[in-house]
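Take a look at the structure set out below.
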Amino acid sequence: MLVDKSLRQLILRLEQPQSGPAFTCSQRRINYASAHDNETLFDIISVKTLMNLSIDERCRKNNLSTSMIALSQV
């Protein structure tokens with residue numbers, strides 16, 4: 001099938017080391033700062049930072065991290 005052939009070609013291409021950018025434009029990239037196991041970045045910040053940080057400071061750290069991802073370009 002055509003789909004199987006395309007999938008095999010994609011897998012072979014992904015297994016080879018990249019010599020240049022993997023994407024033709026920055027709009028094709030997916031960047032994230034959160035985990036995929038139901039643990040958000042805010043949860044990680046809460047666990048790994050000092051206990052005396054206020055909720056506002058934790059929110060600021062979370063906003064800074066997600067903003068850096070959203071505003072970054074290749």
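Quick one: is LEU50 outside any helix (DSSP H, G or I), among the hydrophobic types (A, V, I, L, M, F, W, C) and at pLDDT 75 or above?
On the way: outside any helix (DSSP H, G or I): yes; among the hydrophobic types (A, V, I, L, M, F, W, C): yes; at pLDDT 75 or above: yes.
Spelling it out, LEU50 is indeed outside any helix (DSSP H, G or I), among the hydrophobic types (A, V, I, L, M, F, W, C) and at pLDDT 75 or above.
Could you check segment 44-57 and list, in sequence order, the residues that are exposed (fewer than 12 other Cβ atoms within 10 Å of the Cβ) and not polar (S, T, N, Q)? The answer is VAL47, LYS48, LEU50, MET51, ILE55, ASP56.
How many residues are charged (D, E, K, R) and exposed (fewer than 13 other Cβ atoms within 10 Å of the Cβ) when one looks only at segment 58-74?
First, pick out the residues of segment 58-74 that are charged (D, E, K, R): 58, 60-61.
Add one more test, that the residue is exposed (fewer than 13 other Cβ atoms within 10 Å of the Cβ), and what stays is none.
So the answer is 0.
The values are calculated or read from the model by the stated rules, or taken from the named source; none is laboratory data. This is a predicted model, so every value here is computed, not measured. Positions of Cβ are backbone-derived with ideal geometry, glycine not excepted, and every protein chain shown enters the neighbour counts.
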